[in-house]
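The values are calculated or read from the model by the stated rules, or taken from the named source; none is laboratory data. What you are looking at is a predicted structure, and each value in this text was computed from that prediction instead of being measured. Neighbour counts are summed over all protein chains in view; Cβ atoms, including those assigned to glycine, are modelled from backbone coordinates with ideal geometry. Quick note on the areas: whole protein, heavy atoms, side chains included, nothing else; ligands and nucleic acids left out. Shrake-Rupley method; radii C 1.70, N 1.55, O 1.52, S 1.80 Å.
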Amino acid sequence: TIIYLSNEDELLGFIALADTIKDNASDIIKKIKNENIEVAMLTGDNKNVANLIAKKLSIDNVFSEVLPVDKSNYVKKLQDEGKIVAMVGDGINDAPALAQADLGISMGTGTDIAIESSQIVLVKGNLNTILTSIRLSRSTMKIIRQNLFWSFIYNIAGIPIAAGVFSYYGFSLNPMLA
């Protein structure tokens, strides 16, 4: 972003401002992509800046000059396509999309409204935590599915035995155990 300084008659100078990319952002994005997760960048920045940052981070899907409501609408569009959406953001402009996403992840160094709108807060803004959270949630879901499978198997076997299917052979199970 360029800020021009002037008095009433002449340009005195200008200041160029730019967000810095976190040191490990490129590596984290590469690892996230290796987990077969699609990455997109939604930003209010102008097209040239957005494309430059996206190129540095190897992000193919770039949407620039996006208003906050458009970020939220984009997340909704992806959800309507059946995709599970995680949104990472830190600013006021990200809050609606963080709230709309299936999983909102905000930086602890971000604005209060972004933090309040998300389900996960990266306390120190450490991007490695995003990948850790994804892997942890996948492991948790795997364990839940395994537990459900074994509980169904146990119930399929236990309930008929408790009902007396094998009582002719002298084998039964206390209904409380079933």
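Working only within the stretch 53-93, note down all residues that are hydrophobic (A, V, I, L, M, F, W, C), exposed (fewer than 15 other Cβ atoms within 10 Å of the Cβ) and out of contact with any Pro (no Cβ under 7 Å at 6 or more places or on another chain). Can you show your working first?
Our first condition is that a residue be hydrophobic (A, V, I, L, M, F, W, C); within the stretch 53-93, this holds for 53-54, 57, 59, 62-63, 66-67, 69, 75, 78, 84-88, 92.
Keeping just the survivors that are exposed (fewer than 15 other Cβ atoms within 10 Å of the Cβ) gives 67, 69, 84, 92.
Passing the criteria: Leu67, Ile84, Ile92.
Counting just the residues of the stretch 115-132 that are assigned to a loop (DSSP other than H, G, I, E, B) and over 18 Å from Ala25 (Cα atoms), which one comes out least open to solvent (accessible area, probe 1.4 Å)? Please lay out each step first, then the result.
From the stretch 115-132, those assigned to a loop (DSSP other than H, G, I, E, B) are 118-119, 123-127; that's our starting set.
From the residues that got through so far, the ones that are over 18 Å from Ala25 (Cα atoms) too are 118-119.
Numbers: Ser118: 19, Gln119: 109 Å².
So the residue we want is Ser118.
Going by the conditions given, is Ser64 closer than 30 Å to Leu136 by Cα and hydroxyl-bearing (Ser, Thr, Tyr)? So Ser64 does not fit the description; no. How many of the residues in the stretch 133-162 are among the hydrophobic types (A, V, I, L, M, F, W, C), out of contact with any strand residue (DSSP E or B) (no Cβ under 9 Å at 6 or more places or on another chain) and either open to solvent by 100 Å² or more (accessible area, probe 1.4 Å) or modelled with pLDDT of 85 or more (or both)? Here the count works out to 10.
Would you point out the residue of the stretch 4-27, among those that are assigned to a strand (DSSP E or B) and modelled with pLDDT of 90 or more, that is most open to solvent (accessible area, probe 1.4 Å)?
Within the stretch 4-27, the first condition is being assigned to a strand (DSSP E or B), and the residues that meet it are 4-6, 11-16.
With the extra rule that they be modelled with pLDDT of 90 or more, the set shrinks to 4-6, 11-15.
On the way: Tyr4: 148, Leu5: 79, Ser6: 80, Leu11: 107, Leu12: 114, Gly13: 19, Phe14: 131, Ile15: 76 Å².
Here the answer is Tyr4.
Considering the conditions (1) of a type outside the set (S, T, N, Q); (2) modelled with pLDDT under 90; (3) buried (at least 18 other Cβ atoms within 10 Å of the Cβ); (4) more than 30 Å from Ala16 (Cα to Cα), Ala101 is excluded by exactly one of them, (2). Cβ-Cβ distances below 7 Å connect the following pairs, each with a first residue in the stretch 28-57 that is more than 19 Å from Val75 (Cα to Cα), a second residue that is surrounded by 17 or more Cβ atoms within 10 Å (Cβ to Cβ) and polar (S, T, N, Q), and a separation of six or more residues or different chains: Asn46/Ser64; Lys47/Ser64. Would you confirm whether any residue within the stretch 161-169 is among the hydrophobic types (A, V, I, L, M, F, W, C), part of a helix (DSSP H, G or I) and more than 24 Å from Leu57 (Cα to Cα)? Within the stretch 161-169, one or more residues are among the hydrophobic types (A, V, I, L, M, F, W, C), part of a helix (DSSP H, G or I) and more than 24 Å from Leu57 (Cα to Cα). Of the strands (runs of 3 or more DSSP E) lying entirely inside the stretch 37-93, those containing at least 1 residues that are closer than 25 Å to Val123 by Cβ span 40-42, 86-89.
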